[in-house]
Structures are given as structure tokens and as C-alpha cells.
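Only the coordinates and a few stated rules stand behind these numbers; no lab work does. All of these numbers come straight from a predicted model, not from anything done at the bench. Reconstructed Cβ throughout: ideal geometry from the backbone, glycine too, with neighbour counts over all protein chains shown.
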Amino acid sequence: MTNTKETLLTHYKETMNFVRELEHIPEDAWRSSYAEGKWTIAEIVGHLSPWDRFMVAERLPFMLADEPFRVKPNSQEVNEEAAKMSREQQRILTIDEFLVSRDLLRRAVDLIPEERLTDTFTSNGKTMMIVDLLGAMKQHDLHHIDQIKQVTAR
């Protein structure tokens with residue numbers, strides 16, 4: 001499916017609704033992994049928030065201004081720290097953090113004129129359009145939603 005501003009905004013709203021519904025699953029499901037040695041639902045949801053915030057603060061403004069990126073995060077460190085926090089904090093805090101960060105991303109994307117979504121940028125020697133990066137993030141979300149559904153379907 002081709003990603004457009006409308007499909008991205010719809011996806012953000014749908015993921016927010018999906019995560020909001022996780023408030024109602026049993027605590028043991030929230031703390032369960034989808035497979036042996038893999039992340040729990042809490043860790044999956046928790047690791048999405050820092051990436052939404054990173055996209056809003058450190059990627060979209062620079063892509064739109066056609067400026068080089070200032071920082072290159074260590075993905076493993078970001079994910080590990082987010083997973084650790086999600087293991088330690090109450091579910092409602094993890095969910096609320098996701099809802100806030102995802103809404104920030106949704107609003108940031110909503111402010112981008114549709115024609116600017118096809119602007120290109122280069123990162124690590126690879127040139128791509130803004131909409132392609134946002135589409136890759138969407139696919140990442142869908143991958144994790146499938147993992148969560150494996151737990152909630154039990």
C-alpha cells in the first residue's frame with residue numbers, strides 16, 4: 001500500500017486506539033512475551049515512545065530544512081533503556097507515554113504539507129523520501145502489533 005499523509009495519520013490514530021485498549025488486558029498478559037526470550041507487551045509499547053520523540057525532534061525538522069542530522073542514536077541502547085523503564089513502571093505510565101509521544105508525531109506529520117512528504121534526504125549514504133521513512137516506521141509498528149496480538153490471543 002502506498003503511504004500518504006492520510007494513511008499515516010489514520011495509522012497513528014489506530015495505533016493509539018490499539019495501545020489504549022491494552023489498559024484492559026490482564027497484568028500477566030501485559031508482562032508476557034510473545035515468544036521465549038523476546039520482549040513483553042510492556043517492553044514493545046515502551047520502546048516505541050522514544051523513537052516517536054526522536055523522529056519529531058531530530059529527524060523531521062532536519063529533513064524538511066534539508067539539513068544534515070545532528071545525532072545518530074545507538075538503537076540498542078535506546079531500546080534497552082526504554083524496555084528497562086517499561087519493565088519497572090506501571091502500565092498506565094507506559095501507555096500514557098506512548099499516547100503522548102504518538103500524538104506528537106501525528107501532529108508533526110499533520111503539519112507537513114502533502115507535497116513535502118516526497119522530499120528526499122540522505123542518511124548513511126542512502127537517499128529516500130520522508131514518506132518512505134514514515135512508512136518504514138509504520139511497518140515497524142505493524143510488526144510489533146502482530147507480536148502483541150500473539151499474546152492477547154492466548
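Taking every C-alpha pair closer than 8 Å and separated by at least 6 residues, the mean separation divided by the residue count of the chain gives a relative contact order of 35 percent.
With θ taken as phi - 60° and the Karplus curve 6.51 cos²θ - 1.76 cosθ + 1.60 applied, the whole-hertz 3J(HN,Hα) list for region 80-91 is 5, 5, 5, 5, 4, 4, 5, 5, 8, 9, 5, 3 Hz, x standing for glycine and proline.
Taking other C-beta atoms within 10 angstrom as a stand-in for reagent exposure, 148, 92, 25 fall in the order 92, 25, 148, fewest first. Put in order of Cβ neighbour count within 10 Å, fewest first, the listed residues 75, 101 become 75, 101.
Between the C-alpha center of region 1-50 and that of region 95-140 there is a gap of 17 Å.
Summing -39500 (n - 2.57) over the DSSP H runs of n ≥ 4 in the chain and dividing by its residue number, what mean residue ellipticity at 222 nm do you reach, to the nearest 500 deg cm²/dmol?
On the way: 7 runs with 98 residues, N = 154.
It comes out at -20500 deg cm²/dmol, rounded to the nearest 500.
Here's the picture: a label point sits 7 Å out from the Cα of residue 116 along the beta-carbon direction, and within region 30-67 the residues with their amide nitrogen under 11 Å of it are 60-66.
For region 1-63, the share of alpha carbon pairs falling in successive 5 Å distance bins from zero is 4, 14, 16, 21, 19, 13, 9, 3, 0 percent.
Based only on Cα atoms, what Rg/Rh ratio does region 5-152 have, Rh being taken as Kirkwood's radius?
Working: Rg = 15.7 Å, Rh = 16.0 Å.
Rg/Rh for region 5-152 comes to 0.98.
For the chain, lysine pairs separated by 8 or more sequence positions, or belonging to different chains, with Cα-Cα distances below 29 Å total 21.
Sort 85, 128 by Cβ crowding within 10 Å, fewest neighbours at the top. Don't skip to the answer; put the middle values down first.
Working: 85 18, 128 14.
Final ranking by Cβ density, sparse to dense: 128, 85.
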